[in-house]
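Values quoted throughout were computed directly from the atomic coordinates according to the rules given, and no laboratory measurement underlies them. The shown structure was predicted, so the numbers you read here are calculated from the model rather than taken from an experiment. Reconstructed Cβ throughout: ideal geometry from the backbone, glycine too, with neighbour counts over all protein chains shown.
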Amino acid sequence: MNVLEGFESEAQAWGISLADRYDLETLCRPSLKPLEKFTAEDHADFEFRSHVAEVLMFAGLTGKAARYLDCARKGVVLRCQGHEQHEFLSPMYCDLRFCPRCAPRRFARLYAKHSAVLGHIHRHPIRGFRLRGITLTSRNTGELTTEQIKKFNKDVKKTLHLLMKGVKGWGAIWVNEVGFNNTNLHTHVLMYSPYVEKEKLKAIWQKVSGHVVAGIRQSQLIGPKALLYMLKYVSKPPSDDPEMVGRLEVAFHGTRRVHALGLFYDFAGGDEDNLQSEWKNCPLCGAALVREKGICSVQELRARALRFISGVRTERRKNKCVNV
């Protein structure tokens, strides 16, 4: 039994919530933020996360529940192997798809991963090809399951392949989305392709999936803005209800939310979600980074005056733009 399962069992035995059990733990564990230092925002955030964690635990995803509950509360030290031996704080994030802290990070990683293809399209345009936006929807059954999402994505993939049969040089990236606080599963596709008739798209989508709603338009945005517009759907959770957030995490467990085909897949290198990102080099001197053993609370590491490594990277980018 892991720590979070133990907390849940004790909370039930004592007749208190998981959040209250965790609060009690902060009184005797210095690695957690003391109760007296909790702000109203901290309490609200933990109550929210506690509810989501309970949903995940009930579904058997105890590891994800623990990660979500502790997101950005703990961290590790990264030390570079250069002469200066720079040290940085790297928080440990849960990286769950619908975490309010991690969604913007996922958005940034995805944009960094997929923006390269747009530069290629700009340098090597194909006559008659344009960036086009496609929307494909499914019937809202009031529930969302992993099997339903997987079938939906297979249908999207098959539809796009049939739509582009015999066409060379095309590519597409799509994001699974649900309506705000509901289970209306649909997808937004950014496709680089020749002209496609809307009626043809609708006919193929209905034949493949059984769903009838499909739309296509030439993107009004070009280059990076088109990608930014589409990826905005992963930049924040589509719900402010912790029960719904938990259910969405359960439904998407073991599935991708972002998918790429053709040209977009070639540039993504098979890692559409860009989950293989990690700090390998010092942002100050470029030397290799080594992770120190052990995990500490972010509060303790901040007390050592360690800088967040992501913040240093941002400062470095800004400095490159300054004329001296």
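Within the shell defined by Cβ-Cβ distances under 11 Å, the residues around residue 186 carry a net charge of 0, with Lys and Arg each +1 and Asp and Glu each -1.
Provide 219, 17 in ascending order of the number of other Cβ atoms located within 10 Å of each residue's Cβ, fewest first.
17, 219
Put in line by how crowded their Cβ is, counting other Cβ atoms within 10 Å and starting with the fewest, 279, 174 read 279, 174.
What trypsin sites (Lys or Arg not before Pro) does the stretch 166-259 have in DSSP loop regions with at most 12 other beta carbons within 10 Å?
On the way: sites: 168, 198, 200, 202, 207, 217, 225, 232, 247, 256, 257; in loops: 168, 256, 257.
Filter output for the stretch 166-259: 168.
Here's the picture: charge each Lys and Arg Cβ at +1 and each Asp and Glu Cβ at -1 in the stretch 102-268, and of 178, 263, 214 the one pushed furthest to the positive end of that dipole is 263.
For the stretch 102-268, what's the relative contact order in percent, using C-alpha pairs closer than 8 Å and at least 6 residues apart? Present the calculation step by step, with values, prior to reporting the outcome.
Values: 266 pairs, mean separation 64.0, N = 167.
In percent, rounded to a whole number, it is 38.
Which entries of 74/225; 64/151; 74/280; 113/207 show an alpha-carbon separation above 26 angstrom in the structure shown?
As for pairs spanning more than 26 Å Cα to Cα, those are 74/225; 113/207.
All other residues whose Cβ lies under 15 angstrom from that of residue 122 are scored, Lys and Arg at +1 and Asp and Glu at -1, for a net of +4.
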